[in-house]
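Scroll down for the structure; my scribbles are underneath it.
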Amino acid sequence: RKEVEQDPGPFNVPEGATVAFNCTYSNSASQSFFWYRQDCRKEPKLLMSVYSSGNEDGRFTAQLNKASQYVSLLIRDSQPSDSATYLCVVNIANSGYALNFGKGTSLLVTP
Amino acid sequence: DTGVSQNPRHKITKRGQNVTFRCDPISEHNRLYWYRQTLGQGPEFLTYFQNEAQLEKSRLLSDRFSAERPKGSFSTLEIQRTEQGDSAMYLCASSLVVGDEQYFGPGTRLTVT
């Protein structure tokens, strides 16, 4: 079983829609959580860290449920420029804090 | 530009040849990571350094792979006797402190023919 599981999508939504991505992780020792965005043939770029209390950055809201080992990302008022692959990432202390990535969820926002 | 840089950006090589990639992390970051990404997959961890010390290697890092960070600044990743299965994007990332966000370079895309 892969350590970080995501629905690969693709999610095709119209501009202005709200879209939610979910992610589950298997290692209860996971300590840090992130969402990265990756455009086609580019490097992953940090979108936001995810804190236990949940956090928001503009149109993006991330939530963490450690009991259920579940991470989510909500995008409100989606824009065509949000089209990308969204990678759920966890960071495990006893593996040197290397990042464990999900396969990513593909999002296409059409005008 | 003070981000992570990688060279070359693209490398095409014939099977059996050796290749070397370079990564220059963000200057004050003492942790440096190498990842590999193939099509349709998320990046997979290869190895990491704290300053010049290589502290962990993934089982993905076969004996043909070696990485160095001789002065605790830039790092090199060498692949000997390349195989077609080595074709991938090789990504380097750095972070300031343990557990902190990692920032990625643009990657080196390797194609083994």
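Could you pull out every Cys in the protein assembly as shown that lacks a partner Cys with its beta carbon under 4.7 Å away?
That list is A:40.
Let me know the longest stretch in chain B that avoids all trypsin sites (Lys or Arg not before Pro) found in a DSSP loop with at most 14 other C-beta atoms within 10 Å.
In short, B:16-58.
Restricting to DSSP loop positions (anything but H, G, I, E, B) with no more than 16 other Cβ atoms inside 10 Å of their own Cβ, which GluC sites (Glu not before Pro) remain in the stretch B:51-113?
Answer by residue number: B:52, B:83.
Can you tell which of A:108, A:8, A:73 lies farthest toward the positive end of the dipole of chain A, using +1 and -1 charges on the Cβ of basic and acidic side chains (Lys, Arg; Asp, Glu)?
Of A:108, A:8, A:73, it is A:8.
Excluding the sites themselves, what is the longest stretch of chain A that contains no trypsin sites (Lys or Arg not before Pro) in a DSSP loop with at most 16 other C-beta atoms within 10 Å?
Longest stretch, sites excluded: A:3-40.
What pairs in A:2/B:71; A:45/B:71; A:2/B:14; A:103/B:71; A:66/B:71 have C-alpha atoms more than 30 Å from each other?
A:2/B:71; A:2/B:14; A:103/B:71; A:66/B:71
Hand me the chymotrypsin sites (Phe, Trp or Tyr not before Pro) from the stretch A:1-79 located in a DSSP loop with no more than 13 other Cβ atoms within 10 Å, in residue order please.
Answer in residue order: A:51.
How charged is the neighbourhood of residue B:80? Take every other residue with its Cβ under 9 Å from the Cβ of residue B:80, and add Lys/Arg as +1 and Asp/Glu as -1.
Numbers: positive: B:64, B:81; negative: B:63, B:78.
The answer is 0.
Dipole size in debye (nearest 20) for the protein assembly as shown around its Cα centre, Lys and Arg Cβ +1, Asp and Glu Cβ -1?
700
Need one number: convex hull volume per residue for the stretch B:1-110, Cα atoms only, in Å³.
Cα-based convex hull of the stretch B:1-110, divided per residue, equals 99 Å³.
Can you tell which of B:84, B:26, B:110 lies farthest toward the positive end of the dipole of chain B, using +1 and -1 charges on the Cβ of basic and acidic side chains (Lys, Arg; Asp, Glu)?
B:84
In Å³ and rounded to a whole number, note down the convex hull volume per residue for the Cα atoms of chain A.
Numbers: hull volume 10.7 nm³, N = 111.
Output value, Cα hull per residue: 96 Å³.
Just so you know, all these numbers are worked out from the coordinates, no wet-lab data involved. All values reported here derive from a predicted model rather than from experimental measurement. Ideal geometry is used to build each Cβ from the backbone, glycine not excepted, and the neighbour counts take in all protein chains shown.
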